[in-house]
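Notes for the one structure printed next.
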Amino acid sequence: MEAEWPEIERAGREKRRELVLQGPAAEQRLERADGVLPPALFSLALLNYLEVTRCPSLRSLPAELARLQQLHSLVLRRNGLQQLPPGLGALPALRLLDLSGNQLRELPAELAALGDLATLNVSGNRLQALPAELRRCAKLALLNVSGNELPAFPRGLFGPELALLSTIAASDNCIEELEPDIALLPALKSLDMSNNKLSEIPAELADCPKLKEINFTGNKLQDKRLEKMVNGCQTKSVLEYLRVGGRGGGKGKGKLENSEKEHSREKERKKKRERNQKKDSGEGEEEEVEEASKIFLRVLHISENPAPLTVKVTPSIKEVRPYIVCTVVKGMNLKPGNALKRFLMAQTKLHEDVCEKRTAATIATHDLRLIRGPLQYDARPPNEFKITPLGRKEIKAKDLVRQLQLEAEEQRKQKKRPNVSGLHKYLQLLDGKDVYPCLVDAENETVSFPPITNSEKTKIRKTTCDLFLEVTSSTSLQVCKDVMDTLILKMAELNKFTLENKEEDSTSDPEADALPIPMGHRNTEREGSPQLTIEQVRVVDMEGSLKVVYPSKTDLNMDISYLTVIR
């Protein structure tokens, strides 16, 4: 077993909590073992992250999987799985289950026993039905069933029990009808039903209180006016059209416009009544105090930006770490006192919490002045690219990983404990990978090597006030967006705290002060501002076709009373 599966032997010896088995080497071993994973794998009781990907020989999983009671993330992408063991429902800590790109025709009803399950990705299989019992997964937030053979969602699946379900991706199926009970999902933000066989969109969809993004393209709708709105990606118009009765109740443009105007007038009348009431009751002064305590974010659209940044994504990244979201934040004030230290500590805490120790996502922050666009997000062999890691000298990625492994071994010997600290604890996320993800600039300099480190050359300093942010993930695009939302909110809170608490400016960094500021990166408010500016950044493929832009209209829509986003 040691010779055949050294990763498993090492994980057991070092009491590791993450294990990745993928690619040709793992596939060859599985072929020799008739597609059976070694029993030793299921004795790794401390595992909380297990990834087995790109192994077509893996057609089934043993019931012993249930022994991994600490598992919170199970990633089984691009294998040959045809069935799942009943024991899958006996993993009490499981929060992420990725079964995309397999040969599954059905899911066991036992999945309903996964009480903490938040992300379920079964896209790219052969599913012809979903178990209605999934509605008992009360913490489910993301459901991806795209690219299957589903003719419908099971009746009763959508209901108030799924109070946290915010994203449904069901494109490229055979779904003929969307039930009105979709309106019972209070947290639904994004719904993708593109390329199905729908003829109608239920009017009840407009009753979803948080719905911001819908996609019904590729369906042959009976209402041709609605179909035109859908194909134009006019989410707001589609929902308003459904709200006023659609084809039956909203004939012609006039009625829709009148409804919008009346709705706007009613909102204005309501605001006026509330202002008068507050004035009469003496609450006006309190309201002014509340207004002063608010946080403001201004979104600068690409069309308003004379020099917007763009990130190009290569096809090779798809199998390694496919998701990336980027943006620019201007107006931070990191000079006074411990402002920079607070910012770096907040980033570390986000990595531990919302990023789930970098297994769900990884954050990298850069000084915008040192970024040379356009950028390219690529996957390269570890001996073919170099990086200058934070606090270290330039080194090949392959040598850096080896160096960190040796340091980790030394840490374990000195502390006489299996756990390691710093960058060393993320090394297992690269296990089994033939190529490593990297973000390179226009001069082919590596500025980021997720999930390990970003570059010393773009390091954040006290004089930094304009930042380039990136979030990458192997899980989903929505995870990237959620983490980016959280990061920007935390930055705004820290910036407000810094500006309100008059700490003395600490000694500036002469090297950073001497840095040239490229055209397009100049900011008139070099010392920070109570209002941060968030600039949109486009992520495109190598042909220039848009993959994602952040922040879009559906991003930064957090229900927080003290936050105002100006778009």
Q.
For the list (1) under 20 Å from Met345 (Cα atoms); (2) surrounded by fewer than 24 Cβ atoms within 10 Å (Cβ to Cβ); (3) in contact (Cβ under 8 Å) with a residue 60 or more places away in the chain, I need the number of the one condition that Ser448 fails.
A. (2)
Q: Name the residue, out of Arg105, Arg126, Arg78, that is in contact (Cβ under 8 Å) with a residue 60 or more places away in the chain and either part of a loop (DSSP other than H, G, I, E, B) or in contact with a His (Cβ under 9 Å, 6 or more places away or on another chain) (or both).
A: Arg78
Q.
Looking at region 425-478 only, could you name the residues that are assigned to a strand (DSSP E or B) and hydroxyl-bearing (Ser, Thr, Tyr)?
A. Tyr436, Thr446, Ser448, Thr453, Ser455, Thr472, Ser473
Q. Looking at this structure, is Met491 assigned to a loop (DSSP other than H, G, I, E, B) and either at pLDDT 90 or above or assigned by TED's automatic domain parsing to the domain that holds Leu309 (or both)?
A. no
Q.
Quick check on this structure: which one of Ile182, Ile175 is of a type in the set (Val, Ile, Thr) and closer than 30 Å to Leu556 by Cβ?
A. Ile182
Q) Taking region 47-73, which residues are in a loop (DSSP other than H, G, I, E, B) and over 15 Å from Leu94 (Cβ atoms)? A) Arg54, Cys55, Pro56, Ser57, Leu58, Arg59, Ser60, Pro62
Q) Out of the residues in region 305-338 that are of a type outside the set (Ser, Thr, Tyr), within 26 Å of the chain's Cα centre (by Cα) and surrounded by fewer than 18 Cβ atoms within 10 Å (Cβ to Cβ), which is modelled with the highest pLDDT? A) Pro315
(Q) Contact list please: Cβ distance under 6 Å, first residue in region 22-47 and under 11 Å from Glu7 (Cβ atoms), second residue assigned to a loop (DSSP other than H, G, I, E, B) and not polar (S, T, N, Q), pairs at least six apart or on different chains. (A) Gln22/Arg54; Gln22/Gly432; Ala26/Cys55; Arg29/Glu4; Pro38/Met1; Pro38/Trp5; Ala40/Met1
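Being at pLDDT 90 or above and under 8 Å from the mean Cα position of the chain (by Cα) is the filter here, so list the residues in region 467-476 that pass it.
Narrowing region 467-476 to residues at pLDDT 90 or above: 467-473.
Once the filter is applied, which keeps residues that are at pLDDT 90 or above and under 8 Å from the mean Cα position of the chain (by Cα), region 467-476 yields Val471, Thr472, Ser473.
Anything in region 233-246 that is at pLDDT below 80 and over 13 Å from Pro202 (Cβ atoms)? List them, or say none.
Here is the first cut: in region 233-246, the residues at pLDDT below 80 are 233-235, 245-246.
Selection gives Cys233, Gln234, Thr235.
The values are calculated or read from the model by the stated rules, or taken from the named source; none is laboratory data. Note that the structure is a prediction, hence the values are computed from the model and not measured. No Cβ is skipped: glycine too gets one built from the backbone with ideal geometry, and neighbour counts run over all protein chains shown.
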